[in-house]
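Accompanying notes for the structure given below.
Nothing in this text is a laboratory measurement; each read-out follows from the coordinates by a stated rule. Quick caveat: nothing in here was measured; it's all calculated off a predicted structure. Here the Cβ is made from the backbone with ideal geometry for all residues, glycine too, and neighbour counts use every protein chain on show.
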Amino acid sequence: MTAPTDPAASGSLAPVPEPGHPAAGDAGAAGLRLRVTPQHVRDYGIIVFAAALFIYFTVAASTFLTWDNLLNIVYQNATIGIAACAVTFTIIAGNFDLSLGSIFALSEVLGAWAAVHWGVAWCFPVTIGSGAVMGLINGLLVTKLRVNAFLATLASGLSFGGIAVGVTHGGLLITPSSSAFTFIGQHKAGGIWDSAIIFIVLAVVLQLVLAYTVFGRHLYGVGDNRNAARLSGLKVDRIVIQTFVITGAACGLAGLIDSSMTGSGTSSQEGLAGQLALLAIAGVALGGTSIFGGVGAVWRTVLGVLMLGMITNGFDLIAVADYWQNIVRGILIIIAVAIGFVVDRR
Amino acid sequence: MSTTALPHVRLDSIGKRYSGTKALDNVSVEVAAGTVHALVGANGAGKSTLGKIIGGVIRPDEGQVFVGGRPVRYASPRDARTDGIATISQELSPMPHMTVIENVYFGIEPRRAGIVQFRQMRRRYAELVAEWGFELDGGARVESLRTADIQKAEILRAVASDAQVIVMDEPTSSLTSIETEKLHRMIDVLRERGKTIVYVSHFLDEVLGLADTVTVLRSGRLVRTAPVAEETEESLVAGMFGAAAAAENFTKPAPATAPVVLDVSGLNRRGVLRDISLQLRAGEIVGVAGLIGSGRTELARAVTGADPVDSGTIAVDGTVRHIRSPADAMAAGMAYLPESRKDDGLFLELSVAANITFADLRSVAGRLGVLSLGRERSRTRELLDLTSVRPANPSAKVGHLSGGNQQKVLFARWLLRNPRVLVLDEPTRGVDVAARAAIHRLVNRLAAEGTAVLLISSEIEEVLGLAHRVLVMRRGSITREFSADPPLDAVMEAAFGLGGRTIA
Ligand SMILES: Nc1ncnc2c1ncn2[C@@H]1O[C@H](COP(=O)(O)OP(=O)(O)OP(=O)(O)O)[C@@H](O)[C@H]1O
Ligand SMILES: [Mg+2]
């Protein structure tokens, strides 16, 4: 990742001592050493974690550290990653979104429907646009009706999923085979799958927006202290709605990629749709973004998602059973989240 | 009061370090049983840190704490509480959705077979309140209370759990003088009954009048511990800062002919504000005095769009503005520094720089809303210098600053905006005497440059010292107006109403 800047966080990795207490006589001498404080462990432990896992798989499986395999991990996790990076915005602003998978499924189905009935070109605006509209609905439920985000998106997710099944009558919508349509999901540029490129570009853009724009800063503020954000002149509701719309549109994009890979639109909750919300949020949490809002970063989410992907990939390579993968994932998430509490309690 | 009491709490060579800062460095203090022991020092001197170590909120890196001669190392405030040590922290944090009674008895509810005995709890509460003479509606939800009342609830909670040692971190920073007086009488009673009080305050006159012993801290080091009889305000200030701080005297020009900047008329909010009309001229500082609950904060919030109003008009620079949100008020040129820095003011997880620039990010952003982090840092540094925040580090996390320094950061945010109308609600809450003087100078300078200032403070001296004009509020309306330098007595009388009955 580029620019792992986290303007909101206090700690700095640089070995430059904080200007200590002005009058504390020996602060200068003591501060010159690079001290690893508990805050550093909490804020940057994830990087060490990811590196350790990476090294372990490199040693344990000879085929792990190959260009193709690494690209493969990114490719396989592109759709999850896109949803996860976007929902990081929602979570940093202090909300939650459980409807990712259903938005993904319904936008994919609507896109496929549009491709069948109106022509392939319609697929692109319809998937992303319908995702954005679903995000808007979530945002309005949360802000205007003051429904708790957890419940609002759980409920809206059920409905979106239901509509998707209704449109497809529970089956598949096969899209007309057209190179224009399958382009995104089945094409490589410079040896890299387009979807992987989209994921990485989107992640970089979202991270830059978060770290270096007024909008990004506002997200941290709203998530950290809503009242203070409002009294500082922010239109808090509007910002919250925007995060949901961005997340919805990103899920639509993920749906577009998925249906482009398979050349169809499916409403099935068996596949990715059923797991998307949980996997994406797991990636966000593993990366160290606080689910209470106000703290986090998109680069963290990328690391989190890729770590989860790395576990699947690496364990497959060394032929460890599926259930072990889930056990390890669960443990990692617990450790990642618990570190914060342990450090704060000191 | 006993002079031969054995030390109830003894701190031996305590050290506590946070990344880059020594909050406490080799501090040894003995707190005798049955005394009031004050801790004084500049913002960031380590008073709260010391209080938290006694109360088991944090653990020292070095040194040993003894309670009643026994070495202890508490794992949590709960541990300390079972040992008879209660803490009332600087940033009050009760359970907001619960009632006062539930808060007071939280964790020590009278139970039978695991079932909480609510009736017994209510009866005990009534007894408790009667015993200590503190009036407070036990059924009120804590979130609906003003800071002073939450303070009372916390004190009741401490005595209800039969604490022997009570650590009070700036308990009076948001109390009016009447309530401070009440609190002090309550502390006297506590002391008479053998309780030990550790009392942190920036009000040196309070410390001298109340405490038996005072410990002065400077930059995390012990300066001295001495009986208050041997100290004066000057000697304490000299100990705290290493030099005497000059007293402030403001010249008050009367800008009677300056144009009216803020014109509020007929403002009403059912049950809260009644027919509020006021005018602020350019360069004028108007103080609002009144008891807690008289509607001062509500007035500030209504004017600045934080709370809705039922009727009334607000005009800025002669134009009637439709103000329905803080954003509208800010667009009209107003700025509001809220009463509670923790609830309504600061972003504790964000950096000092992010906090200061938050209300005016456009000023450090270029096209497309892209922030210039370099510009942000340099603007922040200027403001940190002006407000003397320590450590003056733009990337420090605000939640890690001491209480007074947090308050200065909040003040700096509104300074950056350079508003036409500045509404200040308790602007120097928890700020040490030197920094308070600096903030007063800044307010004065802003006014001299033409800003109209509405100043609310529980500290009547602050209002009288700064304001060109004083409005007195009572039960949601403005009942009196005084022009320059009214006598303190007259203002107090007006605040109480002619009958002299208390509201709070
Ligand atoms: N959690 C923390 N992380 C980092 N630094 C901290 C933390 N808590 C306190 N400090 C630092 O320790 C020093 C002492 O802080 P403390 O809160 O004890 O000051 P104080 O004397 O209570 O000041 P005030 O009068 O402003 O309340 C300060 O420099 C503060 O920045
Ligand atoms: Mg303090």
_Estimated dipole of the stretch A:78-298 in Debye, rounded to 20 [Cβ of Lys and Arg +1, of Asp and Glu -1, Cα centre]_ = 620
*Among A:208, B:387, B:454, pick out the residue whose Cα is farthest towards the positive end of the charge dipole of the protein assembly as shown, where Lys and Arg carry +1 and Asp and Glu carry -1 on C-beta, about the Cα centre.*
A:208
*asked:* Run lengths n ≥ 4 of DSSP H only: what is the helix-derived mean residue ellipticity at 222 nm for the protein assembly as shown, with -39500 (n - 2.57) per run over all residues, to the nearest 500?
replied: -15000 deg cm²/dmol
*Would you pull out the residues with amide H under 5 Å of residue B:289's amide H, same chain only if 5 or more places away, H placed 1.01 Å from N?*
B:471, B:472, B:473
_Only Lys, Arg (+1) and Asp, Glu (-1) charged, at Cβ; chain B dipole about Cα centre in debye_ = 1380
*In order through the stretch A:73-89: 3J(HN,Hα) via Karplus (6.51 cos²θ - 1.76 cosθ + 1.60), integer Hz, x for Gly, Pro*: 4, 5, 4, 5, 9, 4, 5, 4, x, 4, 5, 5, 4, 5, 5, 4, 4
*Determine, from the Cβ-Cβ distance of residue B:256 and residue B:193 and an R0 of 56 Å, the FRET efficiency 1/(1 + (r/R0)^6), rounded to the nearest 0.05.*
0.55
*Average partner chain C-beta neighbours within 10 Å, per residue of B:13-24?*
4
*How many partner chain Cβ atoms sit within 10 Å of a residue's Cβ in peptide B:340-347, on average, as a whole number?*
5
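Do you know the relative contact order of the stretch B:123-280, to the nearest whole percent, from alpha carbon pairs under 8 angstrom that are 6+ apart? Write out the running numbers ahead of the final one.
Numbers: 134 pairs, mean separation 18.5, N = 158.
Rounded, it is 12 percent for the stretch B:123-280.
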*For the stretch B:359-419 and the stretch B:138-206, what is the separation of their Cα centres, given in Å?*
33
*Figure the gain on full extension for residue B:232 and residue B:375 (residue separation times 0.36 nm, minus the Cα-Cα span) and round it to one decimal in nm.*
47.0 nm
*Arrange the following residues from fewest to most other Cβ atoms within 10 Å of their Cβ: B:59, B:81.*
B:59, B:81
*How many nm is it between the label spots at residue A:37 and residue A:117, if each spot is 7 Å from the Cα in line with the beta carbon?*
6.0
*Taking amide hydrogens as modeled 1.01 Å from N in the peptide plane, which residues meet the under 5 Å criterion relative to residue B:214, leaving out close sequence neighbours?*
B:38, B:226, B:228
*Tell me, what ³J(HN,Hα) does each residue in the stretch B:454-462 have, in order and in whole Hz, if you take phi through Karplus 6.51 cos²θ - 1.76 cosθ + 1.60 with θ = phi - 60° and put x for Gly and Pro?*
10, 10, 10, 8, 6, 8, 4, 5, 5
*By how many degrees, between 0 and 90 and to the nearest 10, does the Cα long axis of helix B:147-160 differ from the longest principal axis of chain B?*
10
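Summing Lys, Arg as +1 and Asp, Glu as -1, what charge do residues with Cβ under 15 Å from the Cβ of residue A:241 carry, residue A:241 excluded?
Working: positive: A:144, A:146, A:226, A:230, A:235, A:238; negative: A:97, A:237.
With Lys, Arg at +1 and Asp, Glu at -1, the neighbours total +4.
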*Between beta-carbons, use under 15 Å as the cut-off and find the net charge around residue A:48, counting Lys and Arg +1, Asp and Glu -1.*
+1
*Any idea which of A:295, B:300, A:105 is furthest toward the positive side of the dipole for the protein assembly as shown, if Lys and Arg beta-carbons carry +1 and Asp and Glu beta-carbons -1?*
A:105
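If you rank B:291, A:106 by fewest surrounding Cβ atoms within 10 Å, what's the result?
B:291, A:106
Just to be sure I follow: if Rg is taken over the C-alpha atoms of the stretch A:78-298 and Rh is the Kirkwood radius over the same atoms, what is Rg/Rh?
Taking Rh as the inverse mean 1/r over Cα pairs, Rg/Rh reads 0.98.
Out of all DSSP beta bridges with both ends in the protein assembly as shown, state the antiparallel percent to the nearest 5.
On the way: 52 of 87 bridges.
Of all bridge pairs located within the protein assembly as shown, approximately 60 percent are antiparallel.
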*For chain B, find the longest principal axis of its Cα atoms and tell me its angle to the long axis of helix B:118-132, 0 to 90°, nearest 10.*
80
*asked:* On C-alpha positions alone, give me the angle between the axis of helix B:373-387 and the longest principal axis of chain B, in degrees, nearest 10.
replied: 70
*For residue B:52, list the lysines whose Cα falls under 28 Å from its own Cα; do not include residues on the same chain fewer than 8 positions away.*
B:16, B:22, B:152, B:182, B:195, B:342, B:397, B:408
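Compute the Kirkwood hydrodynamic radius of the protein assembly as shown, taking the inverse of the mean of 1/r over all pairs of distinct Cα atoms, and give it in Å to one decimal.
Numbers: mean 1/r = 0.0338 Å⁻¹.
One decimal place: 29.6 Å for the Kirkwood radius.
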*Which net charge results for the neighbourhood of residue B:358, defined as the other residues with beta-carbon distances under 9 angstrom from its beta-carbon, given Lys and Arg at +1 and Asp and Glu at -1?*
+1
_Given the options B:236, B:165, B:478, identify the residue whose Cα lies farthest towards the positive end of the charge dipole of chain B (+1 on Cβ of Lys, Arg; -1 on Cβ of Asp, Glu)._
B:165
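Give me B:8, B:322, A:187 ranked fewest to most by other Cβ atoms within 10 Å of their Cβ, as a rough exposure proxy. Walk me through the intermediate numbers first.
Values: B:8 24, B:322 9, A:187 13.
By the 10 Å Cβ count, ascending, the order reads B:322, A:187, B:8.
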_Charge dipole magnitude, Cβ of K and R +1, D and E -1 - the protein assembly as shown, Cα centre, debye nearest 20_ = 460
*Of the peptides B:200-213, A:275-288, how do they stack up when ordered by the mean number of other Cβ atoms within 10 Å, highest first?*
A:275-288, B:200-213
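Let me have the relative contact order for the stretch B:274-407, percent, based on Cα pairs under 8 Å that are six or more residues apart. Show your work: numbers first, answer last.
Details: 115 pairs, mean separation 23.5, N = 134.
In percent, rounded to a whole number, it is 18.
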_Could you check the spin-label model distance between residue A:317 and residue B:181? Points 7 Å from the Cα along Cα→Cβ, value in nm._
7.8
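Give me the inter-chain shielding for A:215-221: mean count of other chain Cβ atoms within 10 Å, whole number please. Let's see the in-between values first.
Details: counts 5, 3, 11, 3, 0, 6, 8.
What the average comes to for A:215-221 is 5.
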